[in-house]
Amino acid sequence: MSSVPHAERSHALLSASGAHRWLHCTPSARLEATLPDTTSESAKKGTLAHEIAELKLRKQFVEPMGPRKFNTAMKKFREDPLYESEMEAHTNAYLEYVQAIVHAFSSPPYVAIEKRVDLSGYVPESFGTSDCIIIGGKQLHVIDYKNGQGVPVPAENNPQMMLYALGALQAYSMLYEIETVHMAIVQPKVWEQPSEWSISAADLQAWGESIKPIAAKAFAGEGEYVVGEHCGFCRARDTCRARVEQLLSVEQYAPMKPPLISWEEVGEVLRRAEGIVSWYNSLKEAALAEVLKGGEVPGWKAVEGRGSRQYADLDAAFAHLTTSGIDEALLYERKPLTPAAVEKTLGKKQYRELLEETGHVVKRPGAPTLVPIDDGRPAISDKITPEQAFGGH
């Protein structure tokens, strides 16, 4: 049960994590391969959280590890500049979920942590690394930990999880009889409970057969560029011609005859305009980076933005102020942490026990907001006026 260090992992052209893109937009993988792979700070934090989670699972299920070895490893993680205290609680939630799955079996199941799986039976030259695989009682569990908070990732019909599961089936079907596949995504910053989904092994394999021609087309870089929500994490999202033209096109609105567009047309305009602001800001950042490294973007230049003031030495500055007769109380402000900040400090469990369950924190409904129809939150059922919604008079 060997581990694949995160820093040493290579990536397949048609990766499982990118399947949502290349299954919809088949030429995108080859296009992305021509662009540099930049890593955001949030992605680096996710890698660190994964390493902490892997350590905890290995200690529990794979290899004997005394307190000294475990604490030494954790100390190293805590010294990382990207470390956040909430990673402890979130990776504990992941560990507890895996423990619950394992303990539900009548006899100890097989457990693999950070298992590299071969996907080439369905996707050309593809492979991936599954966070956790559990097999027992004709059941296969594929579990994925996600540290992100921006985009909820459901398990149902999730192509990344389905490909990992196909890889696990291919790896273990000679050793274990598997009838049902359970997939789960543990995303503590988003889901109160892990997102779960189950499918029969036969249906999963049928899905794998159905995507073979699509994967072959994607591997060859063939097909049409298709714009959609799958563009969000594509490396080409800022400068992809198909996306730019779709975002800026107004052709479909030309035939509108009435002076006012209908609510049906409003819905379509909002949908198409959804990504324009974020795309513009992201494209502007890319253009700035190009100019700063000596490139040229006609009509634009880089200038120094508004500066900020900071103390050369905070302690020395305040000491000088107090010796000059300034009351120290004027130099500090004391304000309580918000419930969200307290939850981050204490962890979800202790926060709930001490504040929510005792009635010291109450939840107020947020202001109404308009979102696409496929958003997972329930729609507001009661009719309310704009004045009620936004506090107008």
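Taken together, the values in this text are just the output of simple stated rules run on the coordinates, not laboratory data. Being a predicted model, the structure only gives us computed values, none of them experimental. Every residue, glycine among them, receives a Cβ derived from its backbone with ideal geometry; neighbour counts consider all protein chains shown.
In whole percent, what relative contact order does segment 79-236 give with Cα contacts below 8 Å and a gap of six or more residues?
Relative contact order of segment 79-236: 20 percent.
Using just the helices of the chain, give the 222 nm mean residue ellipticity in deg cm²/dmol: DSSP H runs with n ≥ 4 each add -39,500 (n - 2.57), and the total is spread over all residues, rounded to 500.
-12000 deg cm²/dmol
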May I ask you to sort Lys56, Lys348 by Cβ crowding, counting other Cβ atoms within 10 Å and putting the fewest first? Lys348, Lys56
Can you tell me how segment 326-365 classifies by the Cα gyration tensor, rounded, prolate or oblate, using a/c under 1.5 as the rounded cut? prolate
Ordered by residue, what ³J(HN,Hα) values in Hz, to whole numbers, does segment 29-35 give under the Karplus form 6.51 cos²θ - 1.76 cosθ + 1.60, where θ = phi - 60° and Gly and Pro are x? 5, 5, 5, 4, 5, 8, 10
How many angstrom separate the Cα center of segment 209-231 from the Cα center of segment 18-71? 23
Any DSSP H helix in the chain with Cα axial reach of 27 Å or more and mean Kyte-Doolittle score of at least -1.0? Listed by number, the hits are 201-220
Shape of segment 72-141, Cα gyration tensor, a/c cut at 1.5: oblate
Is segment 6-220 best put as rounded, prolate or oblate by its Cα gyration tensor, with a ≥ b ≥ c the root eigenvalues, rounded for a/c under 1.5, and otherwise prolate when a/b is larger than b/c, oblate when not? oblate
Fewest to most Cβ atoms within 10 Å: Arg352, Arg21 sort as Arg352, Arg21
FRET efficiency, Lys383 to Glu353 (Cβ-Cβ, R0 45 Å, nearest 0.05): 0.75
Straight-line reach check, Lys56, cutoff 29 Å on alpha carbons, 8 or more apart in-chain or any other chain, hits among lysines -> Lys44, Lys45, Lys69, Lys75, Lys76, Lys115, Lys138, Lys146, Lys189, Lys344, Lys348, Lys349
Rounded to 5, percent antiparallel among DSSP beta bridges of segment 77-206: 75
GluC sites (Glu not before Pro) within segment 262-358, DSSP loop, no more than 12 other Cβ atoms inside 10 Å: Glu296, Glu304, Glu333, Glu357
